[in-house]
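The values are calculated or read from the model by the stated rules, or taken from the named source; none is laboratory data. Quick caveat, the model's predicted, so the values are computed rather than measured. Cβ sites come from the backbone with ideal geometry, for glycine too, and all protein chains shown count toward neighbours.
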Amino acid sequence: MFRDQRRVRAVLLSAAAALLVVTAGGQTTTATDVEPVTITYLASQNWVLESERELAAQFEAETGIHVDYQIIPADQYFSVLQTKLESGGEGIDIFGGQSGKTDIQLQLGVEENAVPLTDEEWVQRMDPLSTEQISLDGIVYGQTIWDTVGICRSVLAQSVSEDDRSAALARNEAFNEILERICARYSDCRYDGGAVFDHEFGEQHIGSLDYFHPSIDGQAVLADVTWRTSFWPEI
């Protein structure tokens, strides 16, 4: 268990990737005559599934270690987390977050608020893309919870056929037609005529953090395409 005067913090990243990080500044003991151990996990609303709670209950039954889920309303979570981290992280053993490399450094400050996990055995079994998301200077600070390579399963999953992908494309096209019709009803609504949807983005426009969202160049191209079809060039 962790010593009473421990400084234990962890980070769980979710969004482009979700990660579980266990960080401990204290030491452990194997004594059997110690007080019951509780691990406190700070998470946002709807981040913890019922299946995870059931697994935690099984974990407690087998180890005697209780997992205390501190669930914070989604609109308050990051402000609560930030306040706790700035005050030393007292009472947090594991915490959650969203987004990738930039946020774990600037927003979550894992270099100060999390323990390096690079040498843990399970790190070697993580997908390299997931590992990159939660590493700074080659040091791993978390474990992926949401599969980084599982983004947009409706079209990118290996089990999806070309017919399935064609059906997904047809749905998007149908949605765009609806948007165009609705936009035409309002004088202050400007539809882009399918400019963004029809634009052919290249590999250089895809970010290397999750290989899904636009890179800096991709964002610039997206901004340029939308600008040229907006109201602004006419003003």
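Assorted remarks:
- Condition met for residue 197 (touching a residue at least 24 places away in the same chain (Cβ under 8 Å), outside any helix (DSSP H, G or I) and assigned by TED's automatic domain parsing to the domain that holds residue 228): no
- The residue of the range 105-115 that is surrounded by the fewest Cβ atoms within 10 Å (Cβ to Cβ), among those that are closer than 24 Å to residue 46 by Cα and touching a residue at least 60 places away in the same chain (Cβ under 8 Å), is 113.
- Single match in 67, 80 (criterion: under 21 Å from residue 144 (Cα atoms) and either among the hydrophobic types (A, V, I, L, M, F, W, C) or part of a helix (DSSP H, G or I) (or both)): 67
Each row is one residue, and each column tells you yes or no for (1) at pLDDT below 85; (2) in a loop (DSSP other than H, G, I, E, B); (3) in the same structural domain as residue 213 (by TED's automatic domain parsing); (4) acidic (Asp, Glu).
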position: 85; (1), (2), (3), (4): no, no, no, no
position: 89; (1), (2), (3), (4): yes, yes, no, no
position: 95; (1), (2), (3), (4): no, no, no, no
position: 111; (1), (2), (3), (4): no, no, no, yes
position: 115; (1), (2), (3), (4): no, yes, no, no
position: 118; (1), (2), (3), (4): no, yes, no, no
position: 123; (1), (2), (3), (4): no, no, no, no
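- Complete set of residues in the range 54-64 that are part of a helix (DSSP H, G or I) and either surrounded by 12 or more Cβ atoms within 10 Å (Cβ to Cβ) or over 24 Å from the mean Cα position of the chain (by Cα) (or both): 55, 56, 57, 58, 59, 60, 61, 62, 63
- All conditions but one from (1) surrounded by fewer than 11 Cβ atoms within 10 Å (Cβ to Cβ); (2) β-branched (Val, Ile, Thr); (3) farther than 30 Å from residue 144 by Cα apply to residue 229; the one that does not is (1).
- Some residue of the range 65-74 being within 27 Å of residue 214 (Cα to Cα) and either surrounded by fewer than 19 Cβ atoms within 10 Å (Cβ to Cβ) or touching a Leu at 6+ places or on another chain (Cβ under 9 Å) (or both): yes
- Any hit, the range 188-211, residues being surrounded by 14 or more Cβ atoms within 10 Å (Cβ to Cβ), of a type in the set (S, T, N, Q), at pLDDT below 90 and closer than 24 Å to residue 127 by Cα: no
- Test: residue in the range 55-63 that is on the phi > 0 side of the Ramachandran plot and assigned by TED's automatic domain parsing to the domain that holds residue 143: no
- Per the listing 118, 131, 83, 102, the residue uniquely surrounded by 19 or more Cβ atoms within 10 Å (Cβ to Cβ) and free of Cβ contacts under 8 Å to residues at least 24 places away in the same chain is 131.
- Scan of the range 141-167 for residues that are within 15 Å of the chain's Cα centre (by Cα) and at pLDDT 85 or above, ordered by number: 141, 142
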